[in-house]
1. When each copy gets a label point 7 Å from Cα toward the beta-carbon at C:Arg203, what are the spacings between them in nm, shortest first?
2. What residue of chain A sits with its beta carbon nearest the rotation axis taking A to D, and at what distance in whole Å?
3. Anything losing 30 Å² or more of accessible area from the isolated chain to the full protein assembly: pick those residues out of the range C:101-143, probe 1.4 Å, ligands and DNA/RNA ignored.
4. As a check on your grasp of the helix formula, calculate [θ] at 222 nm for chain D: sum -39500 (n - 2.57) over DSSP H runs of n ≥ 4, divide by the residue count, round to the nearest 500.
5. Ignoring ligands, DNA and RNA, what percent of the accessible area of the range C:2-266 is carbon or sulfur (1.4 Å)?
6. Bin by bin, in steps of 5 Å, what percent of the Cα pairs in the range D:118-273 do you find, going until the bin that has the longest distance?
7. So for A:Tyr130, D:Tyr218, what's the accessible-area order with a 1.4 Å probe, most first?
8. Pick from B:Gly87, B:Gly157, B:Gly43: which is most flexible by mean-square fluctuation in a GNM of chain B where alpha carbon atoms under 10 Å apart are linked?
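The values are calculated or read from the model by the stated rules, or taken from the named source; none is laboratory data. Because the structure is predicted, anything quoted here is derived from the model rather than measured. Cβ sites come from the backbone with ideal geometry, for glycine too, and all protein chains shown count toward neighbours. Note: accessible area is taken over every heavy atom of the protein model, side chains too, but ligands, DNA and RNA are not part of it. Shrake-Rupley method; radii C 1.70, N 1.55, O 1.52, S 1.80 Å.
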Protein chains: 4
Amino acid sequence: MVYVGDFLSVDDLLFRPVHSLIDQSLHSRLGVETTNGDGFGIGWYGEGTIPAVFKDTDPAWNNPNLREIARQIRTPLLFAHIRASTGTPVQRSNCHPFRHGRWLWMHNGAIARFAELKRDLMLVVDASLYPEIEGSTDSEALFYLALTYGLTEDPPGAVARAVGLVEDLGRRHGIPHPVQMTVATTDGESLWIFRYSSERHTRSLYYSTDVVQLRELYPELEVLRELGDATRFVVSEPLRDLQGLWNEVPESSWGVIGPGRQEIRPLSPLPPG
Amino acid sequence: MVYVGDFLSVDDLLFRPVHSLIDQSLHSRLGVETTNGDGFGIGWYGEGTIPAVFKDTDPAWNNPNLREIARQIRTPLLFAHIRASTGTPVQRSNCHPFRHGRWLWMHNGAIARFAELKRDLMLVVDASLYPEIEGSTDSEALFYLALTYGLTEDPPGAVARAVGLVEDLGRRHGIPHPVQMTVATTDGESLWIFRYSSERHTRSLYYSTDVVQLRELYPELEVLRELGDATRFVVSEPLRDLQGLWNEVPESSWGVIGPGRQEIRPLSPLPPG
Amino acid sequence: MVYVGDFLSVDDLLFRPVHSLIDQSLHSRLGVETTNGDGFGIGWYGEGTIPAVFKDTDPAWNNPNLREIARQIRTPLLFAHIRASTGTPVQRSNCHPFRHGRWLWMHNGAIARFAELKRDLMLVVDASLYPEIEGSTDSEALFYLALTYGLTEDPPGAVARAVGLVEDLGRRHGIPHPVQMTVATTDGESLWIFRYSSERHTRSLYYSTDVVQLRELYPELEVLRELGDATRFVVSEPLRDLQGLWNEVPESSWGVIGPGRQEIRPLSPLPPG
Amino acid sequence: MVYVGDFLSVDDLLFRPVHSLIDQSLHSRLGVETTNGDGFGIGWYGEGTIPAVFKDTDPAWNNPNLREIARQIRTPLLFAHIRASTGTPVQRSNCHPFRHGRWLWMHNGAIARFAELKRDLMLVVDASLYPEIEGSTDSEALFYLALTYGLTEDPPGAVARAVGLVEDLGRRHGIPHPVQMTVATTDGESLWIFRYSSERHTRSLYYSTDVVQLRELYPELEVLRELGDATRFVVSEPLRDLQGLWNEVPESSWGVIGPGRQEIRPLSPLPPG
């Protein structure tokens, strides 16, 4: 889940009123009815220029510190992630979001047969970035590949090249569908989102409609009045059936979502030169 | 889950061939498809007179040490439990099975409004036993009440008195259905099981049929040939539809299940005084 | 460690400039050179009326989340504690500070032979408070005894009665020196500290001198200029030899330390009526 | 600590009688007086051909499961390790011993400026071994380099080449003393030990004298009678002053220690190609 907008309490976003808007998606992830119990993490912008991250290996619903922290922190930009491991160990260094300088990154999906491809992918990571890699996941590898390819300058281009590399390498290994991913990344100001899979059958990703429009649609919804005009949410699975609230990110796309900005474009992987 | 029988590897019991017999119940508890992620525990009889316990607070499926240990341990009597907290903290001291001397105890269910009743229940625990209480759960409280009432001499009588006390106290607090429980307890030789709830609508509990009879029913089932004649399993929810394998413990009953022994009797709570 | 004063970053207090003032005591506790590795906790006043607590069971120096959180939080009142277990389990519910409503409490020391006395002490805890007890330590027991005796109205009187009870009970059990304690407690506005042991040989406790005076003593010390006039610290073991900085709390005393207030009085245990 | 000999209980080795022999070294590592609180691990040979490992991230003295397991396991070959992190995260995948097939490996020391060298070292690891790397430490990197260079065929030669590689690479990075290490490794039958550092000033490593000889020296020492003739221990810091018990592994050496075998030879790093 991603929130961008005015300063809001993390508690409101994860556990309280605002949560009712995003609840089906988030609830199914933070709540006891889920099995995504392989660690969790939040990242946010607050004091200082570097975003903070709070990550742990227990199921989010078992972490009393998360509730404590959530009540104390207000932020205009929150990343929240619940991990379902695809094989790599359950350890804090494998929890999302990942951070590099001012950047946060989180990923749902997988690189197919990652163990087999990992060595070759790691070789591509820029030598100056390599020492920052802390964990062992495909998600973090994708992040550092994108950073290597210029994420901080041109996010869509860098991700297109990272995806292209994985697909190219994967196919040389006889892997039919190397990439499955939804990604959110930010430098603290803009929010980029990506939805792509080699098989063109990607897990879902949604962004919320402009709040000003939503208020016209649902004048009675009090929670909408509590939200600033520039508010946006991005979620994986909005089950709540509030007509007009959620917009699916199209297959094979990237987007920029932010205050006064909403742009969705096709994503075409760039194979390595 | 309880196993009694010949010496068997814990790995076989929790993760391998034998597991296919009990898989629906146990798999749904150890597997990723469950949400019982609030800690787990196993207890077994091996070296020494005191049973060993291995308990931790992460979901069982995330604990690599459990897999390691399971391959190294053989036992004729295994208790395995996956915890779904009913409110008390997720900490090792709240994980089942609980141990007192040679005894193990595990419980599914709850004492209704336990926080409200706890103080009065604790007062009843024998002063010599009280210091052994390590955690904060209703399950451990029930164990120490039963011990106070003579569990080691007369398990059915002691549990009947413990239940009677909780019901009496609960009703004085206006609690309609104070007790909901299935319990398994053992001294390392006999296995006692209990199924009871104040509302006479108790969660399920099953014990397996005598293996000699099962082999006649299913001569083709190889796993049955690997099991000793005296083998018994007790599980909460056998979903596998192997006709004749599982016998439901009747409502409001206790039983002794063991080598050459299978006795089921009604359980009538004994009110205090 | 306790800090009261202007809003300051927890990072400054635990890891940065201000820390140089308190470093010997705190550093020896947060740093790798200590063995107090049985969990840690911080409590502070921020958003809302209830203080927040962040506690975990690993050594403080191994907790990356503590560093993250510290940089994001500013507070005028911080409690920080590193636990060295005296026998009770290493679990979050046993970590300090303990909280009740607006109150925080932390304790160094022990009730001698607590396992033996625990049951009788628990009986004294008010029935309405009893359900809030989460852990199993002597420190939390002392807190709830003090609350039972009116901590929120008259802290010195309530602690005197709690200590008197433990001493009376302990002596009836033939325990020569039942109580050993330094305690800090607060309602978010005033800070009470206590130093007492039955043998009149209590572990140390110190409070810092008024900052205005300190600045006159050490005009060159830059860190003193960063601190507000009302700043106070309380620490267990100030090893830094800055003449005039630290004042020992006398044996068998209580005190109130706060903005414009510094009062130290004798503490006389009140035996139960 | 390494033990080779007859089947012995891990409890005896880590916590009981036999422990008195090795206590100064091990005690200072398992005991509360140490600060090596960044995780621990044991590895042993038991059921099956693959050794078992039990590793966790808390301080060993805080892990109740370790005590439980220790009482249940008997082994003729035990590796025990307490980790003091040199910077990499405290997570199970970074705890020793590391395992590859039948092999165990543990290391004390460090590769200097490992973050800087890591990428180039990883490139050398054989592509078929690379996917097995689970953690992020220099110690595991050394293990996989040695495996790449033929550890399973010629341990001294493989370690000499691994060390030679690190030294060569380190010097090209201007690192004066790239390697500091004591290592123990085994295939379950023989035990190889290594002591080496680039600066020829390596942390200590000791092996115990043949038990038959020790019994002649100390006929009154009961614990020696409990040990089989082939018993050997390897420890880092034997503080106990039992004349003739411990033999220092010389600077820049490797050795094979085992039943009927004790061979110490010089170790000369082999630079790459």
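1. Listed shortest first, these distances are 2.9, 4.0, 4.7 nm.
2. Closest Cβ to the A-to-D rotation axis, residue and whole-Å distance: A:Gln91, 2.
3. C:Ala115, C:Arg119, C:Leu123, C:Tyr130, C:Pro131, C:Glu134
4. On the way: 8 runs with 78 residues, N = 273.
After summing the helix terms and dividing by residue count, I get -8500 deg cm²/dmol.
5. Values: 4470 of 9580 Å².
Answer for the range C:2-266: carbon and sulfur cover 47 percent of the accessible area.
6. 2, 9, 17, 19, 17, 13, 9, 7, 5, 2, 1, 0
7. Largest accessible area first, the residues go D:Tyr218, A:Tyr130.
8. Maximum among the listed residues: B:Gly87.
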